[in-house]
Amino acid sequence: MNTNSIISFIRDVYKTDEFIPLHAPTFQGNEKKYVLDTLESTFVSSVGKYVDDFERKMEVYTGTARAVATVNGTAALSAALYLAGVKRGDLVVTQALTFVATCNALFHLGAEPVFIDVSRVSLGLCPVALDNWLEENAQLTEQECVHKKTRQVIRAAVPMHTFGHPVELDELIAVCNKWHIALVEDAAESLGSFYKGKHTGTLGDYGALSFNGNKIITTGGGGMVLCKTTKSGARAKHVTTTAKVPHPYEFYHDEPGFNYRMPNLNAALGCGQVERLESFLEQKRKIAQGYETFFAGSEYSFVREPDYAQSNYWLNAVICDGDEVRNDLLTHLNEAKVMARPIWKLMHRLPMFADAMRDDLAVSEFIEARLVNLPSSPTI
Ligand SMILES: *Cc1c(COP(=O)(O)O)cnc(C)c1O
């Protein structure tokens, strides 16, 4: 298959001769109306009805007990890890094949990442590799999981649902329970993705969503902590809003809090966008099916949702037959103003995480050398 036929296929899908981005937002519903309403009411900041509306809508959609809106996805993840008990000096197990935000969130709590390989099926944290690494390196004391050599507590595992494809959650939950480690799902890319009928981010102890401009719906910048119980949800709201004890005029804060709350202005945009979510999901599934059919039998293997899950197909991807094929595809598409992107550099290749503990990363390295993301915006 030559790259020109790929370019014309994508130009046909998007029906344009102009630049085609990887993922662009659209605002064709009530977004403008709701945002203008915040300006007219002057409630643009930390108080206002849209924050509550947006949180309630996401609780209904994801089926979680409590959703707490934050300034961005990184803040949501950081708050989730903090709530899961991650402290200075702890180890947090995650994948090297992820966007840097996953690691930044734990790093700023003073924790250190441990990189484990991904599953070839989900492109997310591999439960078998995780259990094997723990068998070799960890030991259970009273109620904690401790690294045999460094004696650091292994506090949490953070799988990431890569490009919207859900990880093997039942298996990961079993490993985390066995080792008494918390499970925090980085669901930043997987709003609208379901694992055996349950929304991603709601099966672990906590989940984090992102509403950055390139995600499936956007609030400009924004995120959300998904909490399993109303009790943990109340605590999430408390610590992300300066830990202020409610009072009409007194300032009393009962623990060191974060100022991670989402402004009402952004939540208004979110309320408009969430009304469009089902239609975005439908369009994205159609685009993904188009790619899958187009690439069938070629040297590009389309990344499809795992059999046990329903993906939002946030970013479409192909795995090329070798890195030369990959480099060719990247150069030709970008030259033709059809945006294509390699997957992120693995986290242990970045200077700040180069010395982090890591297991064998053969699958992550295989994917890193071959994967290309293709334009994935909803078409209308
Ligand atoms: C987008 C994203 C985040 C959060 O990003 P923000 O820009 O802070 O909203 C976290 N993890 C992953 C994997 C992401 O793709």
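If the cut-off is 21 Å between C-alpha atoms, which lysines fall inside it for Lys149, apart from same-chain ones fewer than 8 positions away?
Leaving aside lysines fewer than 8 places away in the same chain, those within reach of Lys149 are Lys87, Lys178.
Can you give me the C-alpha center-to-center distance between the stretch 254-274 and the stretch 207-238, rounded to a whole angstrom?
Here the answer is 9 Å between Cα centres.
How would Tyr252, Tyr313 line up from fewest to most surrounding beta-carbon atoms within 10 angstrom?
Details: Tyr252 9, Tyr313 27.
Arranged by neighbour count, lowest to highest, Tyr252, Tyr313 become Tyr252, Tyr313.
Counting other Cβ atoms within 10 Å, keep those with at most 10, restrict to DSSP loop, and tell me which GluC sites (Glu not before Pro) in the stretch 1-66 are left.
Values: sites: Glu18, Glu31, Glu40, Glu55, Glu59; in loops: Glu18.
Sites meeting the loop and neighbour criteria: Glu18.
Compare the Cα positions of Leu350, Gln28, Pro248 along the charge dipole of the chain (+1 at Cβ of Lys, Arg; -1 at Cβ of Asp, Glu; about the Cα centre) and return the one farthest towards the positive end.
Going by the charge dipole, the pick is Pro248.
Which value at 222 nm does the chain reach when only helices count, each DSSP H run of 4 or more adding -39,500 (n - 2.57), with the total divided by all residues and rounded to the nearest 500 deg cm²/dmol? Each step should come with its number before you reach the end.
Numbers: 12 runs with 140 residues, N = 380.
That calculation yields -11500 deg cm²/dmol at 222 nm.
So what's the gap between the Cα centers of the stretch 276-302 and the stretch 65-135, to the nearest angstrom?
29
Classify the chain as rounded, prolate or oblate, taking a ≥ b ≥ c as the square roots of the eigenvalues of its Cα gyration tensor: rounded when a/c is under 1.5, otherwise prolate if a/b is larger than b/c and oblate if not.
Numbers: a/c = 2.03, a/b = 1.12, b/c = 1.81.
Cα axes put the chain in the oblate bin.
Most exposed first by the Cβ proxy, i.e. fewest other Cβ within 10 Å, how do Met1, Met58, Met339 rank?
Working: Met1 14, Met58 26, Met339 19.
Taking fewest neighbouring Cβ atoms as first place, the list is Met1, Met339, Met58.
Just to be sure I understand the model, the point goes 7 Å from the Cα along the line to the Cβ. What's the resulting Leu350 to Thr293 distance in nm?
Taking the two extended label points, one gets 3.9 nm.
Scan the chain and report its longest stretch carrying no trypsin sites (Lys or Arg not before Pro) that are both in a DSSP loop and have at most 11 other Cβ atoms within 10 Å. Walk me through the intermediate numbers first.
Details: sites that count: Lys15, Arg88, Lys148, Lys149, Arg151, Lys196.
Longest gap between qualifying sites, sites excluded: 197-380.
Between beta-carbons, use under 15 Å as the cut-off and find the net charge around Ala24, counting Lys and Arg +1, Asp and Glu -1. Could the numbers behind the result be given before it?
Numbers: positive: Lys15, Lys215, Arg276, Lys284, Lys337, Arg341; negative: Glu18, Glu31.
Every neighbour counted, the sum reads +4.
In the stretch 129-188, which chymotrypsin sites (Phe, Trp or Tyr not before Pro) fall in coil by DSSP and have 14 or fewer other Cβ atoms within 10 Å? Can you show the working numbers first?
Working: sites: Trp133, Phe163, Trp179; in loops: none.
Counting only loop positions with at most 14 other Cβ atoms within 10 Å, none of the chymotrypsin sites (Phe, Trp or Tyr not before Pro) in the stretch 129-188 qualifies.
Over 24 Å between Cα atoms, which of Lys198/Lys228; Lys32/Lys337; Lys231/Lys284 qualify? Don't jump to the answer; show the numbers that get you there.
Details: Lys198/Lys228 12 Å; Lys32/Lys337 30 Å; Lys231/Lys284 35 Å.
Result: Lys32/Lys337; Lys231/Lys284 exceed 24 Å.
Counting Lys and Arg as +1 and Asp and Glu as -1, each charge on the Cβ, what is the dipole of the stretch 31-274 about the Cα centre in debye, to the nearest 20? The partial results should precede the final answer.
On the way: 23 positive and 25 negative charges, 58 e Å.
Value, rounded to 20: 280 debye.
A short reminder: the numbers here are calculations on the coordinates, not readings from a lab. All of these numbers come straight from a predicted model, not from anything done at the bench. Every residue, glycine among them, receives a Cβ derived from its backbone with ideal geometry; neighbour counts consider all protein chains shown.
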